[in-house]
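Taken together, the values in this text are just the output of simple stated rules run on the coordinates, not laboratory data. For clarity, every value in this text was computed on a predicted model and none was experimentally measured.
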Amino acid sequence: MKSLVLFSYRQPVEGSNFRWGVLSNQRDTKKQPLAESTLRGPYRWDDIAFDRSRTLDTVLTTKGPKVFYHERQRWSVRVPWVGSLVAKFLPQA
């Protein structure tokens, strides 16, 4: 069962952005840890405002699949079962 999700996402540099798509997967990074190179990579090495959270949401968007930290969402609306219908029209990776 896939859900259609609408949410506001907080970017460290760009501020909040409206996002929408089909939630295809949720991953708890404590149970399924991220690679060490991702956690300690040079991209966010000196960014003190960037905190890794525990839950990653994989969302199929119009620009392809994107991964968002669940804890950075300011508000969220989830519509169950509609995502299965909408996913047919979104690009797959």
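Per residue of the range 78-91, in order, report the coupling 6.51 cos²θ - 1.76 cosθ + 1.60 (Karplus, θ = phi - 60°) as ³J(HN,Hα) in whole Hz, putting x for Gly and Pro.
10, 10, x, 6, 6, x, 5, 6, 6, 4, 5, 9, 9, x
Quick check: convex hull of the Cα atoms in the chain, volume per residue, rounded to a whole Å³?
In the chain, the Cα hull volume divided by residue count equals 110 Å³.
Counting helices only, and only those DSSP H runs with n ≥ 4, report the 222 nm mean residue ellipticity of the chain as the sum of -39,500 (n - 2.57) divided by its residues, in deg cm²/dmol to the nearest 500.
That comes out to -1500 deg cm²/dmol.
Would you list, by chain and number, the lysines whose Cα falls below 21 Å from the Cα of Lys31, excluding same-chain residues fewer than 8 positions away?
Within reach: Lys66.
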